[in-house]
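The values are calculated or read from the model by the stated rules, or taken from the named source; none is laboratory data. All values reported here derive from a predicted model rather than from experimental measurement. Heads up, the Cβs are rebuilt from the backbone with ideal geometry, glycines too, and the neighbour counts pull from every protein chain shown. Keep in mind that these areas ignore ligands, DNA and RNA; they rest on the heavy atoms of the full protein, side chains included. Shrake-Rupley method; radii C 1.70, N 1.55, O 1.52, S 1.80 Å.
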Amino acid sequence: MQRVAVNLKARAARYEILVGANILPTLGKEIRACVGAATRRIALISNQKVYDLYGEIASQSLRGAGFDVNRWLMKDGERHKSLRSFEAALGFLNQSGLQRSDAVVALGGGVVGDLAGFAAATYLRGLDFIQVPTTLLAQIDSSVGGKTGVNLATGKNLVGAFHQPRLVLIDVDALRTVPPRELTAGWCEAVKQGASGDRRLFDRTVRLLRSGGTNSRQWLNNQRSQAGVCATIAAHCRFKSSIVAGDEKEGWARNDSRSRRILNFGHTTAHALEAVTGYRRFRHGEAVGHGMLVAGELSKNLGMLAAGELESLREAIALCGPLPSADDIDAGELIKAMQADKKSVAGKISWVLLESVGKARIVAGDQISGRTLRTALRDGLRAAE
Ligand SMILES: NC(=O)c1ccc[n+]([C@@H]2O[C@H](COP(=O)([O-])OP(=O)(O)OC[C@H]3O[C@@H](n4cnc5c(N)ncnc54)[C@H](O)[C@@H]3O)[C@@H](O)[C@H]2O)c1
């Protein structure tokens, strides 16, 4: 098992991310070691699908460590990451009789993690929170960094809080049951992390994808490649936590190559693609896959990125698996959606572009002409065909 230590100097906080195969049965013991003897009750939040697969193992392990366990299963799907579910989660914490010394455990993908984390951040003004992410995206990205929240009808993640977990436990065996499209979406986010800030991480991710493809069962049945998956996921957690440690709350005025904003590489186009297709055609990570190709084209056309580097990015995204087609979507609609995005500051879009794979540069949207943007959209959205 790998232990990744996360230090948030600004608030003198520290926690660990544990990564390993078949470590879910140690959940209770690991939580007990970090919260101490005073914690009596654990509120476990999951959904039916994930609970049916992993809930009993988690609950047994928690009970074995002396915790009383109450559980609540939210409905599955992004549209349930809502104020309504949030209210239901708070009702559950209240009915469970949770006290300040108790803790919330999220068992599931990013949807469960974001909602349970927000409930933990706000109930009794903040309870200890433990993440047990079960999708690839949640394991490399959403469980690390302390962003929690819910969607409003008018947009994603508009309400939330920064609330760092006390512990993140990543059992890579959970990836055995993750559907192929969810894995592709997760790998796209992995490529994004490497491409935006760490060349070695990018190369390591590409090597893993080249050797094993995206079929998680294939790697997890082989001990050597299982170790490679654990090491790669741990490296992603280390990367994300290093960025977060330097810029926990994503300062909007920061635009250097270590700011949290670089993690939005590919997201300007991705959010627009999701919005204009009513959040139905793409998994978020798949939209990020297209978005990175558009940002890559822009970077090349602005003379920042060498053609060979764009080719490496293209190859990496292709290795993640097939993306739903996007070249039928009207560029004008996409540009309108970009302007309405919440990530725009003072009504201006900013772009995370690349100087090279592993080095991002944030560029103000008004430095990019409409024509250049349209060309990049056309070529980038075709590139994944
Ligand atoms: N907090 C952050 O920093 C952050 C970062 C990135 C994304 N997010 C959020 O994460 C969410 C997306 O997360 P996601 O991609 O994990 O989606 P998700 O939570 O919807 O999970 C995808 C699907 O996989 C199922 N599932 C989960 N684990 C499984 C397993 N082991 N086996 C089989 N099925 C499993 C889920 O029930 C769901 O149907 C979005 O809401 C996004 O906004 C948050």
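Let me check something: with ligands and nucleic acids excluded, how do Arg238, Arg260 order by accessible area (1.4 Å probe), largest to smallest?
Per-residue accessible area, sorted high to low, gives Arg238, Arg260.
Suppose we look only past 12 Å in the calculated P(r) of region 301-343. What percent of the Cα-Cα pairs does that tail hold?
Numbers: 669 of 903 pairs.
Here the tail beyond 12 Å accounts for 74 percent of pairs.
Rounded to the nearest 5, what is the percent of antiparallel bridges among the DSSP beta bridges in the chain?
On the way: 19 of 43 bridges.
DSSP beta bridges in the chain are roughly 45 percent antiparallel.
Return the inverse of the average 1/r over all pairs of distinct C-alpha atoms in the chain, which is the Kirkwood hydrodynamic radius, in Å to one decimal. Don't skip to the answer; put the middle values down first.
Values: mean 1/r = 0.0476 Å⁻¹.
Across the chain, the inverse of the average 1/r is 21.0 Å.
Can you tell me the orientation of helix 284-301 relative to the chain, as the angle in degrees between its alpha-carbon axis and the longest Cα principal axis, to the nearest 10?
On a 0 to 90 degree scale, this one is about 30.
Mind running the shape call on region 320-385? Use the C-alpha gyration tensor, a ≥ b ≥ c as the square roots of the eigenvalues: rounded below 1.5 for a/c, prolate if a/b tops b/c, oblate otherwise.
Verdict is oblate for region 320-385.
To make sure I understand the rule: partners must be lysines, Cα under 22 Å from the Cα of Lys359, and not fewer than 8 residues away in the same chain. Which ones qualify?
Lys192, Lys240, Lys249, Lys300, Lys343
Using a 7 Å offset from the Cα along the Cα-to-Cβ direction at both Ala38 and Ala161, what is the distance between the two label points in nm, to one decimal?
1.8
List the residues whose amide H sits under 5 Å from the amide H of Arg71, counting only those 5 or more places along or on another chain, with H placed 1.01 Å from N in the peptide plane.
Under 5 Å from the amide H of Arg71 lie the amide H atoms of Leu44, each far enough along the sequence or on another chain.
Given an 8 Å cut-off on Cα distances and at least 6 residues of separation, report the relative contact order of region 1-148 as a percent. Present the calculation step by step, with values, prior to reporting the outcome.
On the way: 239 pairs, mean separation 30.4, N = 148.
Relative CO of region 1-148 lands at 21 percent.
Please label the shape of region 40-90 as rounded, prolate or oblate, based on the square roots a ≥ b ≥ c of the eigenvalues of the alpha-carbon gyration tensor (a/c under 1.5 means rounded; beyond that, a/b larger than b/c means prolate, else oblate).
In terms of gyration-tensor shape, oblate.
Using the C-alpha gyration tensor of region 266-385, what are the square roots of 5 times its eigenvalues, in whole angstrom, with the largest one first?
For region 266-385, the semi-axes come out at 19, 18, 12 Å.
Roughly what % of Cα-Cα distances in region 116-233 sit above 26 Å, to the whole percent?
Tail fraction, whole percent: 27.
Quick check on the chain: helices-only [θ] at 222 nm, where DSSP H runs of length 4 and up contribute -39,500 (n - 2.57) each and the sum goes over total residues. Nearest 500, please. It would help to have the intermediate numbers written out before the result.
Details: 13 runs with 169 residues, N = 385.
Helices in the chain give a 222 nm mean residue ellipticity of -14000 deg cm²/dmol.
What size of dipole, in debye to the nearest 20, comes out for region 1-143 about its Cα centre when the only charges are +1 on Lys and Arg C-beta atoms and -1 on Asp and Glu C-beta atoms?
The calculation lands at about 360 debye.
Once you have the alpha carbon radius of gyration of region 164-237, what is it after dividing by 2.2 N^0.38 Å, with N set to its residue count?
1.07
For region 24-175, what is the per residue volume of the convex hull drawn over the alpha-carbon atoms, in cubic angstrom? Can you show the working numbers first?
On the way: hull volume 13.8 nm³, N = 152.
Per-residue hull volume (Cα only) is 91 Å³.
Count charges around Arg378 for me, please; just the other residues with Cβ under 9 Å from its Cβ, Lys/Arg as +1, Asp/Glu as -1. Present the calculation step by step, with values, prior to reporting the outcome.
On the way: positive: Arg374, Arg382; negative: Glu297, Asp327, Asp379.
Its environment carries a net charge of -1.
List the lysines whose alpha-carbon lies under 17 Å from that of Lys348, not counting same-chain residues fewer than 8 positions away?
Once the sequence-local lysines are set aside, what remains near Lys348 is Lys336.
Per-residue HN-Hα couplings for region 63-72, Karplus 6.51 cos²θ - 1.76 cosθ + 1.60 at θ = phi - 60°, whole Hz, x for Gly and Pro?
Computed from phi, the couplings for region 63-72 are 5, x, 8, x, 8, 7, 10, 10, 10, 9 Hz.
Could you work out the relative contact order of the chain, using alpha carbon pairs under 8 angstrom and six or more residues apart, expressed as a whole percent?
So the answer I get is 15 percent.
Note down the magnitude of the dipole of the chain about its Cα centre, charges +1 on Lys and Arg C-beta and -1 on Asp and Glu C-beta and zero elsewhere, to the nearest 20 debye.
About 740 debye.
Can you tell me the equivalent ellipsoid semi-axes for region 207-259? Use √(5λ) from the Cα gyration tensor, largest first, whole Å.
Calculated on Cα positions only, the semi-axes equal 32, 11, 8 Å.
More than 16 angstrom separation, counting every C-alpha pair in region 85-137; what % is that? Could you put the intermediate results ahead of the total?
Values: 463 of 1378 pairs.
Every Cα pair in region 85-137 considered, those over 16 Å come to 34 percent.
Can you list residues from other chains, or at least 5 along the same chain, whose modelled amide H is less than 5 Å from the amide H of Leu354?
Here the answer is Ser299, Arg361, since their amide H atoms fall under 5 Å of that of Leu354.
Please list 3J(HN,Hα) in residue order for region 15-27, calculated via the Karplus relation 6.51 cos²θ - 1.76 cosθ + 1.60 where θ = phi - 60°; whole Hz, with x for glycine and proline.
8, 10, 10, 9, 10, x, 9, 6, 9, 4, x, 9, 3
Keeping the other protein chains in place, figure out the carbon and sulfur percent of the accessible area of the chain, with a 1.4 Å probe.
47
Classify region 186-300 as rounded, prolate or oblate from the Cα gyration tensor: take a ≥ b ≥ c as the square roots of its eigenvalues, call it rounded if a/c is under 1.5, otherwise prolate when a/b beats b/c and oblate if not.
Oblate is the answer for region 186-300, as a/c is 1.5 or above yet b/c matches or exceeds a/b.
Going Cα to Cα from Lys75, which lysines come in below 25 Å? Please leave out same-chain ones fewer than 8 positions away.
Those lysines meeting the cut-off are Lys49, Lys147, Lys156.
So for region 100-174, averaging the separation of alpha carbon pairs under 8 Å that are six or more residues apart and normalising by length, what relative contact order in percent results?
33
Nearest 20 debye, what's the magnitude of the dipole of region 315-385 about its Cα centre given +1 on Lys and Arg Cβ and -1 on Asp and Glu Cβ? All intermediate terms of the calculation are to be shown ahead of the outcome.
Numbers: 10 positive and 10 negative charges, 76 e Å.
So the dipole magnitude of region 315-385 works out to roughly 360 debye.
With a Förster radius of 30 Å, plug the Cβ-Cβ distance of Asn94 and Ala5 into 1/(1 + (r/R0)^6) and report the FRET value to the nearest 0.05.
0.35
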